[in-house]
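Here is the structure we will look at.
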Amino acid sequence: MIQECNNYSLLPHNTFGIDVKTAHFIEYDTEEDLRRLFTSGKVARPWLPIGSGSNLLFLKDYEGTILHSRINYLKLTDETKEKVHICVGSGVEWDDFVAYCVQHGWYGAENLSLIPGEVGAAAVQNIGAYGVEVKDIIESVTTMDVQGNEQVYAVEACHYGYRHSIFKEIEMQNKIVTSVCFCLRKTEGFTLNYGTIREELKNYSGEPTLPNVRQAIIDIRKNKLPDPSVVGNAGSFFMNPVVDRTKYESLKNDYPDMPYYNVDETRVKIPAAWMIDRCGWKGQTRGAVGVHDKQALVLINKGGAKGSEVAALAEEIKLSVFQQFKIDIFPEVKFV
Ligand SMILES: Cc1cc2nc3c(=O)[nH]c(=O)nc-3n(C[C@H](O)[C@H](O)[C@H](O)COP(=O)(O)OP(=O)(O)OC[C@H]3O[C@@H](n4cnc5c(N)ncnc54)[C@H](O)[C@@H]3O)c2cc1C
């Protein structure tokens, strides 16, 4: 089924809670619906596919068509003693898929518990948390272009990097992700050496099991991040910058406690949250917007904020980080 609305409010479709409208809003249930939409010419430029809007900042009303997938299936395509292969529609809630894997005893997705959004966007964004990125469990991603042609991208062809994929590149802007195929393990194996997972697990009898690891991650996240249904936000606003090791070494003289992660022999990643915190931003407010008091990387809508106010605060933060550390930070959130 296809559902369409004109002059439609995007308030329920962005976790920042920005009150804007789109000229045209379309939801579709199947790949066939999307093909029909494209080939009928109903989808005029500009158009934008969205999921739950948990990584979007709307700066003004959208004067085009917003497309939202409700392709909602989970299909087991193959199973061996060690692995399962499952293809999932782009409109499935990401965390529902993680819960499904955990319930079925399949390993690989549990560290990505409670990340907001839908399966299609997860593959576009290469979502990551607690030492795992979604590319680690993706086998292939299927897209449809404006002519209604499907194309399957094996994971190697997706050009995955830190919060990056081929689907973010300019030549992909006439394609929509329709489904994602995953490979999960049936044999036990956890990634626990990241953040406070091991400590949190002590609340669950210590032994890691799939439900315990999922619950530990959910608890850590609930403790650290504001719930978008209560306080508008889009999670981490900025990406962690990757800098030359020499740059990091020189900064370390001035900031011996500066944390970092090795990227390769010549580059390190510096947590943007640490730098923003050192600039004194945690808990700061500017009218209707502010910086979360527990996590400096999260910008919040305190109520009724405009997208432009969030963007202005982000710019101020970016400038102050540059002034103090001479490092550029860039938004993870997409401005629309
Ligand atoms: C509280 C909170 C915590 C978060 N924690 C994390 C975290 O730990 N790790 C992490 O990586 N992210 C995190 N995020 C960010 C966000 O959850 C992810 O980026 C998520 O994948 C966005 O999914 P979405 O469905 O909301 O996509 P949207 O925000 O709607 O869209 C994101 C991008 O994907 C594109 N897109 C969406 N659907 C499709 C499609 N079917 N085909 C092609 N393009 C598409 C959009 O055009 C846009 O460019 C967090 C966000 C919040 C609010």
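The values are calculated or read from the model by the stated rules, or taken from the named source; none is laboratory data. Here the structure is a predicted model, which is why all the values come from computation and not from measurement. For neighbour counting, all protein chains shown are included, and Cβ atoms are generated from backbone atoms with ideal geometry for every residue, glycine included.
I need a count of the residues in the range 82-113 that are farther than 14 Å from Ser69 by Cβ and near the ligand (Cβ under 8 Å from one of its atoms).
1
Residue pairs, Cβ under 7 Å, 6 or more apart or interchain, first in the range 1-17 and within 15 Å of the ligand (Cβ to nearest atom), second part of a loop (DSSP other than H, G, I, E, B) and polar (S, T, N, Q). List them.
Note: pairs meeting the criteria are Thr15/Ser52; Thr15/Ser54.
Conditions (1) more than 24 Å from Thr39 (Cβ to Cβ); (2) more than 8 Å from the ligand (Cβ to nearest atom); (3) touching a residue at least 40 places away in the same chain (Cβ under 8 Å); (4) in contact with a helix residue (DSSP H, G or I) (Cβ under 6 Å, 6 or more places away or on another chain), marked per residue:
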| site | (1), (2), (3), (4) |
| --- | --- |
| Gly117 | yes, no, yes, yes |
| Gly120 | no, no, yes, no |
| Val124 | no, no, yes, yes |
| Ile127 | yes, no, no, yes |
| Asp136 | yes, yes, no, no |
| Val141 | no, yes, yes, yes |
| Val146 | no, yes, yes, yes |
| Asn149 | no, yes, no, no |
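Hey, could you check the range 153-195 for residues that are surrounded by 14 or more Cβ atoms within 10 Å (Cβ to Cβ), of a type in the set (Ser, Thr, Tyr) and part of a loop (DSSP other than H, G, I, E, B) and say which is nearest to the ligand (Cβ to nearest atom)?
Ser165
Please indicate, with yes or no, whether at least one residue in the range 88-100 is assigned to a loop (DSSP other than H, G, I, E, B) and under 14 Å from Leu184 (Cβ atoms).
no
With the range 233-336 as the region, which strands (runs of 3 or more DSSP E) entirely inside it contain at least 2 residues that are under 19 Å from the mean Cα position of the chain (by Cα) and closer than 22 Å to Asn55 by Cα?
Per the criteria, 298-301.
Would you mind finding the one in Val88, Val92 that is free of Cβ contacts under 8 Å to residues at least 40 places away in the same chain, under 30 Å from Cys5 (Cα atoms) and surrounded by 19 or more Cβ atoms within 10 Å (Cβ to Cβ)?
Val92
Would you say Gly105 is under 19 Å from the mean Cα position of the chain (by Cα), modelled with pLDDT of 95 or more and on the phi > 0 side of the Ramachandran plot?
Here the answer is no, as Gly105 does not meet what is asked.
For the range 201-216, check the following and say yes or no: at least one residue is among the basic types (Lys, Arg) and at pLDDT below 95.
So far as the range 201-216 goes, yes, one or more of its residues are among the basic types (Lys, Arg) and at pLDDT below 95.
Which pairs do you get when a residue that is without any contact (Cβ under 8 Å) to a residue 24 or more places away in the chain, found in the range 157-176, comes within reach of a residue that is assigned to a strand (DSSP E or B), reach meaning Cβ atoms under 7 angstrom, with the pair 6+ apart or on two chains?
Taking only residues 6 or more apart or on different chains, the pairs are Ile166/Tyr153.
Which of the residues that make up the range 57-114 are acidic (Asp, Glu) and in the same structural domain as Thr22 (by TED's automatic domain parsing)?
Asp61, Glu63, listed by residue number.
Tally the residues that are within 13 Å of Tyr28 (Cβ to Cβ) and free of Cβ contacts under 8 Å to residues at least 24 places away in the same chain, restricting the search to the range 43-72.
Filtering the range 43-72 for residues within 13 Å of Tyr28 (Cβ to Cβ) gives 43, 47, 49-50, 65-72.
The next check asks that each one be free of Cβ contacts under 8 Å to residues at least 24 places away in the same chain; those that pass are 47.
So the answer is 1.
Any residue at all in the range 250-269 that's within 16 Å of the ligand (Cβ to nearest atom), surrounded by fewer than 18 Cβ atoms within 10 Å (Cβ to Cβ), outside the structural domain of Asp61 (by TED's automatic domain parsing) and of a type outside the set (Ser, Thr, Tyr)? Can you show your working first?
Step one: filter the range 250-269 for residues within 16 Å of the ligand (Cβ to nearest atom), giving 261, 269.
Then keep just the ones that are surrounded by fewer than 18 Cβ atoms within 10 Å (Cβ to Cβ); that gives 261, 269.
Checking which are outside the structural domain of Asp61 (by TED's automatic domain parsing) leaves us with 261, 269.
Then drop every residue that is not of a type outside the set (Ser, Thr, Tyr), which leaves 269.
Checked the range 250-269: at least one residue is within 16 Å of the ligand (Cβ to nearest atom), surrounded by fewer than 18 Cβ atoms within 10 Å (Cβ to Cβ), outside the structural domain of Asp61 (by TED's automatic domain parsing) and of a type outside the set (Ser, Thr, Tyr).
Within the range 9-57, how many residues turn out to be over 21 Å from Asn72 (Cα atoms), surrounded by fewer than 20 Cβ atoms within 10 Å (Cβ to Cβ) and in contact with a Lys or Arg (Cβ under 6 Å, 6 or more places away or on another chain)?
1
Are any residues in the range 36-58 within 14 Å of the ligand (Cβ to nearest atom), outside any strand (DSSP E or B) and of a type outside the set (Ser, Thr, Tyr), and if so, which ones?
Result: Leu37, Phe38, Val43, Pro46, Gly51, Gly53, Asn55, Phe58.
Filter the range 15-30 down to the residues that are within 23 Å of Ala234 (Cα to Cα), in a loop (DSSP other than H, G, I, E, B) and of a type outside the set (Gly, Ala, Ser) and list them by number.
Hits for the range 15-30 are Thr15, Phe16, Ile18, Asp19, Val20.
Hey, can you tell me all the residues within the range 89-123 that are within 15 Å of Lys135 (Cβ to Cβ) and among the β-branched types (Val, Ile, Thr)?
Correct list: Ile115, Val119.
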